[in-house]
Amino acid sequence: MSPSFLAILAQGQSSGTGGLSVLVLQMAAIGLVFYFLILRPSGQARKRHAELLTKLKKGDEVMTSGGIIGRVKDIKEVESDGNKEVRVTVESGTATVVVERSRIIRVGNSPPSGAPQA
């Protein structure tokens, strides 16, 4: 190794603590931006959707994740494999479909969860 390289390396090590603190601050700023732009809004949307599903009642117009639009005919709690699930019977025209409550993405005229609101 050349002496000039060692001198540059020694200078880099002495000022490395300042560079490290700048890096830590930048990473913290990126983390905050990530939290406020991605994690927090998705958590709030998830809460609103869960609240919407708990208020589900007979006669509500719903849309399933498969795109079926219909009215709620029946809601019942079923236990399968030790897990309690809420099954919703949706009547669409002449067809009747039974889906899990978690598969309902829209109730009434509310926009689907995650969709931008006007």
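The values are calculated or read from the model by the stated rules, or taken from the named source; none is laboratory data. Computed from a predicted structure; not experimentally measured. Cβ placement follows ideal geometry from the backbone for every residue including glycine, while neighbour counts extend to all protein chains displayed. We work out accessible area using only protein heavy atoms, side chains counted, and drop any ligands, DNA or RNA first. Shrake-Rupley method; radii C 1.70, N 1.55, O 1.52, S 1.80 Å.
I'd like the FRET efficiency for Ser102 and Val24, computed as 1/(1 + (r/R0)^6) with the beta carbon distance as r and R0 of 35 Å, rounded to 0.05. Could the numbers behind the result be given before it?
Numbers: r = 40 Å, r/R0 = 1.15.
Once rounded, the FRET efficiency stands at 0.30.
Heavy-atom accessible surface of the range 14-73, averaged per residue, reaches 75 Å², computed with a 1.4 Å probe.
Split the accessible area of the range 25-114 by element, probe 1.4 Å, and carbon with sulfur accounts for 55%.
Candidate cross-link partners of Lys58 among the lysines, defined by an alpha-carbon separation under 19 Å and a same-chain spacing of 8 or more, comprise Lys73, Lys76. A straight Cα-to-Cα reach below 21 Å connects Lys47 with the lysines Lys55, Lys57, Lys84, residues fewer than 8 places away in its own chain not being considered.
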